[in-house]
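Chemist: Here's a structure for you.
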Amino acid sequence: MGHSSSSQSKSTPKSPVFDEPPRDENTPARLVSLPRLLIVDPSHFIVDRSTITRSTLGLNTELCPIESPLFIEKTITEGVVSITITILSLSASDSYGDIRFGLLDSTVSFSSINNSLYFRFDRALGRSLLNSVAITSYNGCLKFTLPSSKHNPEWQFCHYALTEGDCVRMEVDMDSTPRKVQFFVNGKDGGSYVSGLPPSVKIGFSVSNFGLSFRIDRITQHEHPTPITPEMKEIRWN
């Protein structure tokens, strides 16, 4: 009795969106070098291998920190992509500081911001940058400025405030209908997720105060997304 060829029964796998770093079974997988970055103002950041630190430059006339963004250059249009970072420093000074980790509609200009006076000098994911969402280190909530909120900044509980050493993973699922993004802290899922992502997005970060730093540990692609738990609240993009 004949057997059909297994090569014909399998679909051609998609090429990875990102190259996964080599794995060492005895140590956690870490990026040796970062993918190409788009930094709105390079003077605002110090990049050392896979660690990114906010510099002392970029303060306004009142010496208050200005939120400054950077993005991974490659646009995500397909696949289930997971990005893991570790929070390294949140205590650079006594003033307010925040690290935001999320994504932006890739068709939106990095300079497209909320027109209110308060956000005039600001470039914060999930607040002043339009069509973006991010988890914030300050309180662990999801902040967003989406069509569903009429581009007004809004927030929804996701996690509690982040601390130094926390491992944060963002999983972007571009293959499901609707497309989704969810965030995990130290392996635990959050209280909310975002659905209805646009067809192409860019991964981004914004950091407000000098000395705050994080490390990008892994960028990988998975065959299947992590299931959304029934308890999670849905935030709709549109």
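Chemist: Provide ARG36, ARG127 ordered by accessible surface of protein heavy atoms (probe 1.4 Å), highest first.
Modeler: ARG36, ARG127
Chemist: At a 10 angstrom cut-off on C-beta neighbours, averaged per residue, how do the peptides 176-185, 150-159, 226-235, 199-208 rank from highest to lowest?
Modeler: Answer by packing, highest mean first, reads 199-208, 176-185, 150-159, 226-235.
Chemist: Just want the answer: with Cβ charges of +1 for Lys and Arg and -1 for Asp and Glu, which residue in SER213, PRO199, THR226 is farthest toward the dipole's positive end in region 196-238?
Modeler: Highest projection toward the positive end goes to SER213.
Chemist: Output ³J(HN,Hα) for region 144-157: one whole-Hz value per residue in order, computed from phi by the Karplus curve 6.51 cos²θ - 1.76 cosθ + 1.60 with θ = phi - 60°, and x for Gly and Pro.
Modeler: Rounded to whole hertz, the list is 8, 10, 10, x, 5, 9, 6, 6, 8, x, 9, 9, 8, 4.
Chemist: Once phi is turned into ³J(HN,Hα) by the Karplus curve 6.51 cos²θ - 1.76 cosθ + 1.60 with θ = phi - 60°, what whole-Hz value does each residue of region 128-142 show in order, with x for glycine and proline?
Modeler: 9, 6, 5, 6, 9, 9, 7, 8, 10, 5, 4, 9, x, 7, 8
Chemist: Using a 1.4 angstrom probe, figure out how much accessible area region 197-238 has per residue, in square angstrom, rounded to the nearest whole.
Modeler: Per residue, region 197-238 has 45 Å² of solvent-accessible surface.
Chemist: Could you sort LEU129, LEU88 by their accessible area in this structure, using a 1.4 Å probe and putting the largest first?
Modeler: LEU88, LEU129
The values are calculated or read from the model by the stated rules, or taken from the named source; none is laboratory data. Given the structure is predicted, the values throughout are model-derived calculations rather than measurements. Backbone-built Cβ (ideal geometry, glycine too); neighbour counts: all protein chains shown. For accessibility, only protein heavy atoms count, side chains too; no ligands or nucleic acids. Shrake-Rupley method; radii C 1.70, N 1.55, O 1.52, S 1.80 Å.
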